[in-house]
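Chemist: Before we start, here is the structure in question, set down as structure tokens.
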Amino acid sequence: MIHTIIQSFTTNFLGCRPKYSLSDYTGKMMIVSIIEQSLLGSSTVTIILNPNLEEEYPITDHLTSIFGTAIKIVITDADDNVIQSLVDPAIPLILRSCDEFFTYTDTTVNAVIGRASYVFVTGEKYLTMIGQFGPDWNDAVSEETGVHIIYPDDYIDFDKQSAWVAYNNKSTIFCDIDGTIIKAQTRLEYNNQPEAMTKSINILLEAVKAGSKIIFTTARLSADRHVTTMMLESLGFDNFELIMDLLNAKRVIINDYNTANPFPRAVAINVIRDSDTLDEYKGNL
């Protein structure tokens, strides 16, 4: 049995709402991912929210709708908020910040996880450090106090905004078909084996594997959806979307940007028809 306490008190990115409430590239709040990671190894998960931030940027209802009774939410700004939230001082305690991703379940030794998360063999150990060092106990944590510093393999630190931007550097790629990933076909040739442009296809497959989403766009008619889908699957694509019946004309993407999702949020790539040169624009995907 492990008790994990997630504290929402942290610095925020400039010009953004509370860091823990930001949504990642899948639309999931940062704190939701942290709760999911915590539930993998903990029987009890408590989230401590600041009342002022919760009033201005409420997330309680959202978290409850996802996790129900699997979590406990405490809204307080008391200095001893962790002590108030302890379920049983006799069981292991993981004290997590709300801006670090990791999964960790080894509570056999006291440890620091990354920059600002902590594992205690028991809650009593945490209380002992509070009693010994006071409110600055975390500044005193070191090998000398019997606490090991650990970085799990999946550890990601979002202390800096640049790390969050890099983590979310995925794309929704709207990609043409004829002349872009295969040599252009006429409608009479749709049932023929296409001439694949391998370099461009591999660039797209790499982007999808890294987390990007692909939506194929084409002026092909909806009546040709089945044969077009089969062709795309034969090239190695799956889990894609296909928009058909577009105008045989220029295409324009319009998107917004802000501090959390910085400029540019819309990128255009024009490749010469049948040239197989998408690799030259890999940095834009």
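Chemist: Go through the range 177-215 and give me each residue that's touching a residue at least 60 places away in the same chain (Cβ under 8 Å) and of a type in the set (Ser, Thr, Tyr).
Modeler: Within the range 177-215, Thr180, Thr198, Ser200, Ser212 meet the criteria.
Chemist: If you don't mind, there's one more thing I want to ask. Evaluate the following for Thr46: is it in contact with a Gly (Cβ under 9 Å, 6 or more places away or on another chain) and within 28 Å of Lys160 (Cβ to Cβ)?
Modeler: Working: in contact with a Gly (Cβ under 9 Å, 6 or more places away or on another chain): no; within 28 Å of Lys160 (Cβ to Cβ): yes.
So Thr46 fails the test.
Chemist: Sort out which residues of the range 172-189 are in a loop (DSSP other than H, G, I, E, B) and aliphatic (A, V, I, L, M), and write them in order of number.
Modeler: Taking the range 172-189 as the starting set, the residues that turn out to be in a loop (DSSP other than H, G, I, E, B) are 176-177, 179-181, 183-186.
Of everything in the range 172-189, those that are in a loop (DSSP other than H, G, I, E, B) and aliphatic (A, V, I, L, M) turn out to be Ile177, Ile181, Ala184.
Chemist: For the condition surrounded by fewer than 13 Cβ atoms within 10 Å (Cβ to Cβ), within 28 Å of Val121 (Cβ to Cβ) and among the polar types (S, T, N, Q), what is the one hit in Thr26, Thr69, Thr4, Thr44? If you could, list the steps in order and put the result at the bottom.
Modeler: Working: Thr26 fails: within 28 Å of Val121 (Cβ to Cβ); Thr4 fails: surrounded by fewer than 13 Cβ atoms within 10 Å (Cβ to Cβ); Thr44 fails: surrounded by fewer than 13 Cβ atoms within 10 Å (Cβ to Cβ).
It is Thr69.
Chemist: Out of the range 102-140, which residues are over 14 Å from Thr4 (Cβ atoms) and assigned to a strand (DSSP E or B)?
Modeler: Val112
Chemist: Next up: If Leu53 passes every condition in (1) touching a residue at least 12 places away in the same chain (Cβ under 8 Å); (2) more than 25 Å from Lys160 (Cα to Cα) but one, which one does it miss?
Modeler: (2)
Chemist: Could you look through the range 95-130, keep only residues that are surrounded by fewer than 19 Cβ atoms within 10 Å (Cβ to Cβ) and among the acidic types (Asp, Glu), and pick out the one that is farthest from the chain's Cα centre (by Cα)?
Modeler: My answer is Glu124.
Chemist: Another question about this same structure. Checking Thr60 against (1) over 19 Å from the mean Cα position of the chain (by Cα); (2) surrounded by 15 or more Cβ atoms within 10 Å (Cβ to Cβ); (3) among the polar types (S, T, N, Q): exactly one of these is not met. Which one?
Modeler: (2)
Chemist: Any residue at all in the range 79-94 that is among the acidic types (Asp, Glu), modelled with pLDDT of 90 or more, crowded, with 18+ Cβ neighbours inside 10 Å and assigned to a loop (DSSP other than H, G, I, E, B)?
Modeler: From the range 79-94, those among the acidic types (Asp, Glu) are 79-80, 88; that's our starting set.
Next, from what is left, pick out any that are modelled with pLDDT of 90 or more: 88.
Cutting the leftovers down to crowded, with 18+ Cβ neighbours inside 10 Å gives us none.
Checked against the condition, which is being among the acidic types (Asp, Glu), modelled with pLDDT of 90 or more, crowded, with 18+ Cβ neighbours inside 10 Å and assigned to a loop (DSSP other than H, G, I, E, B), the range 79-94 yields no hits at all.
Chemist: Let me ask something additional. On the given criteria, is Ser33 in contact (Cβ under 8 Å) with a residue 12 or more places away in the chain, small (Gly, Ala, Ser) and crowded, with 20+ Cβ neighbours inside 10 Å? Give the steps one after another, and end with the answer.
Modeler: On the way: in contact (Cβ under 8 Å) with a residue 12 or more places away in the chain: yes; small (Gly, Ala, Ser): yes; crowded, with 20+ Cβ neighbours inside 10 Å: no.
So Ser33 does not fit the description; no.
Chemist: Only helices (runs of 4 or more DSSP H) wholly contained in the range 1-75 count here; list those with 3 or more residues that are of a type outside the set (Lys, Arg) and under 21 Å from Ile94 (Cβ atoms). It would help to see each step written out before you state the result.
Modeler: On the way: elements: 30-39, 51-56, 60-67.
Correct list: 30-39, 60-67.
Chemist: Which residue is surrounded by the most Cβ atoms within 10 Å (Cβ to Cβ), if the candidates are limited to the range 274-285 and must be in contact with a helix residue (DSSP H, G or I) (Cβ under 9 Å, 6 or more places away or on another chain) and assigned to a helix (DSSP H, G or I)? Explain how you work it out, then say what you get.
Modeler: Taking the range 274-285 as the starting set, the residues that turn out to be in contact with a helix residue (DSSP H, G or I) (Cβ under 9 Å, 6 or more places away or on another chain) are 275-279, 281-282, 285.
Checking the rest, the ones that are also assigned to a helix (DSSP H, G or I) come to 278-279, 281-282.
Numbers: Leu278: 22, Asp279: 10, Tyr281: 15, Lys282: 12.
It comes out as Leu278.
Chemist: Which condition from (1) out of contact with any Pro (no Cβ under 9 Å at 6 or more places or on another chain); (2) among the aliphatic types (A, V, I, L, M); (3) within 30 Å of Arg251 (Cα to Cα) is the one that Ile130 breaks?
Modeler: (3)
Chemist: Among the residues of the range 157-164, are any part of a loop (DSSP other than H, G, I, E, B) and of a type in the set (Phe, Trp, Tyr)? Even if it seems obvious, please write down each step before you answer.
Modeler: From the range 157-164, those part of a loop (DSSP other than H, G, I, E, B) are 158-160; that's our starting set.
Subsequent filtering for residues that are of a type in the set (Phe, Trp, Tyr) retains 158.
For the range 157-164, residues part of a loop (DSSP other than H, G, I, E, B) and of a type in the set (Phe, Trp, Tyr): present.
Chemist: While we're here: When Asn169 is evaluated against the numbered criteria (1) part of a loop (DSSP other than H, G, I, E, B); (2) more than 28 Å from the chain's Cα centre (by Cα), which criterion, by number, is the only one it fails?
Modeler: Of the numbered conditions (1) part of a loop (DSSP other than H, G, I, E, B); (2) more than 28 Å from the chain's Cα centre (by Cα), the odd one out for Asn169 is (2).
Chemist: With loosely packed, with under 15 Cβ neighbours inside 10 Å and touching a helix residue (DSSP H, G or I) at 6+ places or on another chain (Cβ under 7 Å) as the only criterion, which of Val252, Val267, Val271 stands out? Break it down stepwise before answering.
Modeler: Numbers: Val252 fails: touching a helix residue (DSSP H, G or I) at 6+ places or on another chain (Cβ under 7 Å); Val271 fails: loosely packed, with under 15 Cβ neighbours inside 10 Å.
Exactly one residue qualifies, and that residue is Val267.
Chemist: Considering only residues that are more than 15 Å from Ser171 (Cβ to Cβ) and hydroxyl-bearing (Ser, Thr, Tyr), which ones fall in the range 212-255?
Modeler: Residues satisfying the conditions are Thr218, Ser222, Thr228, Thr229, Ser234.
The values are calculated or read from the model by the stated rules, or taken from the named source; none is laboratory data. Nothing here was measured: the structure is a model prediction, and the numbers come from that model. Cβ sites come from the backbone with ideal geometry, for glycine too, and all protein chains shown count toward neighbours.
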